[in-house]
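I have placed the structure first, in the form of C-alpha cells, so that the comments after it can refer back to it.
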Amino acid sequence: MDKKQLLFDGNEKRVFATDDPDKVIIRYKDVTLAYNSIKRARFDGKGVLTNKISAILLGYLNENGIKTHFLETVGDREQLCRKIDIIPVEVIWRKRIAGSLAARLGVEDGFLPGNTMVDLRYNNDELEDPFINRHHAVALGLANYDELEKMITSARIAGTLLENLLHRAGIELVDMKLEFGRATDNGELIISDEISPDTCRMWDEETGERLDKDRFRLDLSDVVASYQTVLDRLENLNLK
Ligand code: UDP
C-alpha cells in the first residue's frame, strides 16, 4: 500500500494517509520524550526497535482476541494500521507501583501489591496528563461509560496476555500504557497506539535491570541496547 500525504507529524511518530481512507501508515521516529516532553533526546535506531517490538506485541494481542489498530509491518520503521479517532485517555495497567505513582503514594519504586490496577489519565499536555476517573472522562465527553468499561476490561486482558508472553522472554511487565480509538470504518473500539519499552516498564526478571524508557528518564545509558535486548528475546520466542 502506497504512502500518501502526511496527516500528522507528532514528536515520536508520523502518520501518513494511504489509498484506503480507513488505513494509515505509522512511522516510528528516533526521538524520545519524557516528563511531559520536558526531557527530549534522539537515539539512532530506536524507531526501528519500537516499531518491531510494537508489531510483535500488538500482533500477539490481535491473535489472542484483543483487537488493535495494527495490520502489518511495511518497513523497518513503519506499520500499516487501521485509521481511528483517538480517545484522549491513557489506560494504565499496573502490576507493580513504579515511577511517579510510587512517589505519590509513598511506596518504594516497584512495590508489588496484591492486586493488579488500572488507572485512567487524561491525555492533555497542558494539564500534564492528570489522573481522572470514569465519571470525569464522561463529564468531559471523552468516552461513554460503556466504552470506558470495555477499555478497562481490555487493558486487564491485554496486561495478563503480555505479562505471560514477556515472562517467557525472561522479562517482567511492570506497567503498561494503552490508548484506544474508534475505527473509522465501523466505529469499533480498538487499542490504537504502540506497545513498547517507550510505553511500558519492562524489567529483566533475573537481574531486575530496567529495559525500558526509564533508562532515558533516569540517565542510565544503553537505551538502544536495552530495547534491542527486548526485541531479541521476543524474536527468540519464534511466535510465528
Ligand atoms: N506512560 C506513557 N505515556 C505517558 C504516561 C505514562 O507511555 O504519557 C507509561 C510509562 O512509561 C509507564 C506507564 O505508562 O510505563 C505508567 O506510567 P505512570 O503513569 O506511572 O507515569 P510515570 O511514572 O511515567 O510518570
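Every read-out reported here was derived from the displayed coordinates using simple, explicitly stated rules and does not represent laboratory data. Note that this is a predicted model, so its numbers are computed, not measured. Virtual Cβ from ideal backbone geometry, glycine too; neighbours counted across all protein chains shown.
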Exercise. In bins 5 Å wide, starting from 0, what share of all Cα pairs of the chain does each bin hold, as a percent?
Worked result: 1, 6, 14, 19, 20, 20, 13, 6, 2, 0, 0
Problem set entry | Amide H contacts of Leu7 (H built 1.01 Å from N, under 5 Å, at least 5 apart or other chain) | Val15, Phe16, Ala17
Seminar exercise, completed: Note: the range 1-104 at 37 °C, 0.692 mPa s; Kirkwood Rh on alpha carbon pairs; Stokes-Einstein D in µm²/s works out to 214 µm²/s
Problem set entry | Whole-number D in µm² s⁻¹ for the range 107-159, Kirkwood Cα-pair radius fed into Stokes-Einstein, 4 °C, 1.567 mPa s | 102 µm²/s
Exercise. At 222 nm, what helix-only mean residue ellipticity would the chain give, in deg cm²/dmol to the nearest 500, using -39500 (n - 2.57) for each DSSP H run of four or more?
Worked result: -9500 deg cm²/dmol
For this session: Could you list which residues have their amide H under 5 Å from that of Ile87, counting only those 5 or more apart in sequence or on another chain, with H placed in the peptide plane?
Result: Phe180, Gly181, Arg182
Exercise. Where nothing but the Cβ of Lys and Arg (+1) and of Asp and Glu (-1) is charged, how large is the charge dipole of the range 91-161 around its Cα centre, in debye to the nearest 20?
Worked result: 360 debye
Problem set entry | Exposure proxy ranking, count of Cβ atoms within 10 Å, fewest first, for Met117, Met151, Met202 | Met117, Met151, Met202
For this session: Report ³J(HN,Hα) in whole Hz for each residue of the range 144-159, in order, from the Karplus equation J = 6.51 cos²θ - 1.76 cosθ + 1.60 where θ = phi - 60°; Gly and Pro get x.
Result: 9, 4, 4, 5, 5, 4, 5, 5, 5, 4, 4, 5, 5, 5, 4, x
For this session: Pop out the ³J(HN,Hα) list for the range 217-227 in order, Karplus 6.51 cos²θ - 1.76 cosθ + 1.60 with θ = phi - 60°, rounded to Hz; leave Gly and Pro as x.
Result: 4, 9, 6, 8, 6, 6, 4, 5, 4, 5, 5
Exercise. Can you give the longest stretch of the chain with no exposed loop site, where a site means GluC sites (Glu not before Pro) in a DSSP loop (not H, G, I, E or B) with at most 13 other C-beta atoms within 10 Å?
Worked result: 1-107
For this session: Please report how far the C-alpha centroid of the range 120-179 lies from that of the range 1-67, rounded to the nearest whole angstrom.
Result: 18 Å
Problem set entry | Order of Tyr60, Tyr122, Tyr145, Tyr28 - criterion: other Cβ atoms within 10 Å of each residue's Cβ, fewest first | Tyr145, Tyr122, Tyr60, Tyr28
Exercise. If the viscosity is 0.890 mPa s and the temperature 25 °C, what translational diffusion coefficient in µm²/s does Stokes-Einstein give for the range 83-127 when Rh comes from Kirkwood over Cα pairs?
Worked result: 203 µm²/s
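Exceeding 18 Å between C-alpha atoms, which entries from my cross-link table qualify? They are Lys23/Lys46; Lys52/Lys213; Lys13/Lys213. Each step should come with its number before you reach the end.
Values: Lys23/Lys46 24 Å; Lys52/Lys213 16 Å; Lys13/Lys213 16 Å.
Too far apart for the 18 Å limit: Lys23/Lys46.
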Problem set entry | Length-normalised contact order for the chain - Cα pairs under 8 Å, 6+ apart - percent | 18 percent
